[in-house]
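The next block holds one structure in the form of structure tokens; read it before the comments.
The values are calculated or read from the model by the stated rules, or taken from the named source; none is laboratory data. Given the structure is predicted, the values throughout are model-derived calculations rather than measurements. All Cβ positions, even for glycine, are placed from backbone atoms using ideal geometry, and neighbour counts span all protein chains on display.
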Amino acid sequence: MKKHHLNVLVPGILAAAALALAVGVGAQTPPPPAPPATKSPQTAPMTGHHMESAATEKREADLKAECQALMAKRQAMQDKLKAMDADLDKLVATMNAAKPEVNMEPAMAAVINELVAQRKASRAMMMEMQPEMMAHMMHHMHMQGTKGAMECPMMKTGTAPEPKAEEKPKM
């Protein structure tokens, strides 16, 4: 009787194992590769080399226009800072020209108030322009890599103002 059970169980277990393996292997096989669209490289259509070149030229032209717009904006900011410096110079000259016997508090208050207002204005201008500049540099890096960002006309021109001789206020 024992032999009868083994004759039934062994082939059943083997059949179940084979079926499980077949299902598992079939689930893990990769799909067949897609057939190539064309039969030979000579008959394959061009990948749009001229279209890519035209698109690249347009992006470079757009980037150059963006550079010029930011340079104009930066120049306007520098002009505004120069005008602010001139206003401050006038107030300091008025304060320095005051006679010691005259109450100097109003002249000093005017200089201090102007300094505070100018500092706030320059910080606001810088904070307004900073995201634009970062986006612009990212465009350069996207187009030309990190070296391209350094080739931007904004990076080539000197941005630091010339140091001017310090004047000591007379008191």
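Computed values, structure above
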read-out	value
Tally of residues being at pLDDT below 75 and either exposed (fewer than 11 other Cβ atoms within 10 Å of the Cβ) or within 18 Å of K82 (Cα to Cα) (or both) across region 111-158	5
Residue within region 74-87 that is touching a residue at least 40 places away in the same chain (Cβ under 8 Å) and either more than 30 Å from H140 (Cβ to Cβ) or among the aliphatic types (A, V, I, L, M) (or both) present	yes
Candidate set: region 96-105, residues that are free of Cβ contacts under 8 Å to residues at least 40 places away in the same chain and exposed (fewer than 12 other Cβ atoms within 10 Å of the Cβ); chosen: the one farthest from A65 (Cα to Cα)	E101
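Table: residues versus (1) at pLDDT 90 or above; (2) assigned to a loop (DSSP other than H, G, I, E, B); (3) under 36 Å from the mean Cα position of the chain (by Cα).
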| residue | (1), (2), (3) |
| --- | --- |
| M51 | no, no, yes |
| L70 | no, no, yes |
| M77 | yes, no, yes |
| L88 | yes, no, yes |
| M95 | no, no, no |
